[in-house]
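Nothing in this text is a laboratory measurement; each read-out follows from the coordinates by a stated rule. In this text, all values refer to a predicted model and were calculated from it rather than measured experimentally. So basically every Cβ, Gly included, is an ideal-geometry build from the backbone, and we count neighbours across all protein chains shown.
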Amino acid sequence: MSYNPPIGFVKKDIQLADNLKKLSLLKSYSKQAEGDFPLLLTPEFATRIDWNNPKDPLLQQILPTKHENKTKPGFVVDPLNESRYAKAPGYIKKYHGRAIMQLTGACPIHCRYCFRRHIKSNNIPKSINEWSQAVETIRQDKSIKEIIYSGGDPLMLNSDKLLEISNLLTTIPHIKRLRIHSRVPVASPKRITPDLIKALKDLPLVMSMVIHMNHPAEMDSGVKNTLQELVEAGIPLYNQSVLLKGINDDVTTLITLSETLIDARVTPYYLHLLDPVAGAAHFYVDEKKGRELLLKMRPMLPGYALPMLVVDIPGERSKLPIL
Ligand code: SF4
């Protein structure tokens, strides 16, 4: 099985090191904001950034800024109250019929608005033995039909381990479907090797993948090729975005994003209102503006290219559609 290191920001890469220097000169950059959620990005993601533009929509997604150091009432460490739904290490059950396995705490990039940015990954199992409690919990709950791999980013896990865990799931008769939520196809497309695609395709489970793209500039030919390979392997692709102030909160960007995704054979699926996580209040776009944007997008796109505007409310049995 071939899997492609390196991943993450490679400081010895001269061009990236130069860019990092530029970044530390940007007025909004804050070393303090990095805290225990440091600046992290992949070389591939870095090449799509215009490092001379402080407002670059990709740069804003990964740049630790002084805005993160401000507190705002209602913006908290665990905005979805996930700790309440953790039923075993690495296992979260909050919705009917499906359950989440957090395979790793690692990410290819650190998205500054991430709702899990403050969650510690110490509790995530590291070995197959440590996964046994979660797997047995799933085995006992026959209401669960679908497992969602989440993280961190599940495709940051070594592929042998990923497949070992997946094969365990295939021994549970009521598990029919496997959904992978990952930013890797966008942040580090080469990491998804033909071997990995084949192995996923061969699993006796109905596979799907939800990628995470917020702005059309995140797409390039490398990303598009990987998405195409996944689709051609019979793995349907969906996208979820977060509505982010100053990054994608305008009609033109959102329409271009939907068209870019459809042209890469990815169905736009959810547009999320930001989860109120501490340190990300400056990205928040309210429900009223979200509705206005969706209403303006609607006549401009075919129905299948229009994402659903949703919000995640702790305690609800699913994400709530707004429009
Ligand atoms: S959005 Fe995904 S890739 Fe980005 S920091 Fe959160 S878990 Fe990691």
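P(r) tail for the chain, what percent of Cα pairs lie past 26 Å? More than 26 Å apart: 47 percent of the Cα pairs in the chain. Dipole magnitude for the chain: about 580 debye, using +1 per Lys or Arg Cβ and -1 per Asp or Glu Cβ, origin at the Cα centre. Think of segment 14-321 as a dipole: +1 on every Lys or Arg Cβ, -1 on every Asp or Glu Cβ, centred on the Cα centre; then among Tyr269, Ser132, Ile211, Ser132 lies furthest on the positive end. Looking only at segment 33-49, which residues have a backbone nitrogen under 20 Å from a spot 7 Å from the Cα of Lys22 in the C-beta direction? Under cut-off, by backbone N: 39-49. Sequence-distant contacts, meaning Cα pairs under 8 Å at least 6 residues apart, place the relative contact order of segment 14-321 at 18 percent.
Restricting segment 232-323 to GluC sites (Glu not before Pro) that sit in a DSSP loop and have at most 16 other Cβ atoms within 10 Å of their own Cβ leaves Glu316.
With each label modelled as a point 7 angstrom along the Cα→C-beta vector, the Ala233-His96 pair spans 3.3 nm.
Three semi-axes describe the equivalent ellipsoid of segment 206-255; taken as square roots of 5 times the Cα gyration tensor eigenvalues and ordered largest first, they are 24, 13, 7 Å.
Placing unit charges on the Cβ atoms of the charged side chains and taking the dipole of segment 80-229 about its Cα centre, the candidate lying farthest along the positive direction among Gln228, Gly151, Val184 is Gly151. Placing a pseudo-label 7 Å from each Cα along the Cα-to-Cβ vector at Asp286 and Ser318 gives an inter-label distance of 2.8 nm.
Bridging of Lys190 to aspartates and glutamates at a Cα separation below 19 Å is possible for Asp13, Glu44, Asp153, Asp160, Glu218, Asp220, Glu229, Glu232, once same-chain residues fewer than 8 apart are set aside.
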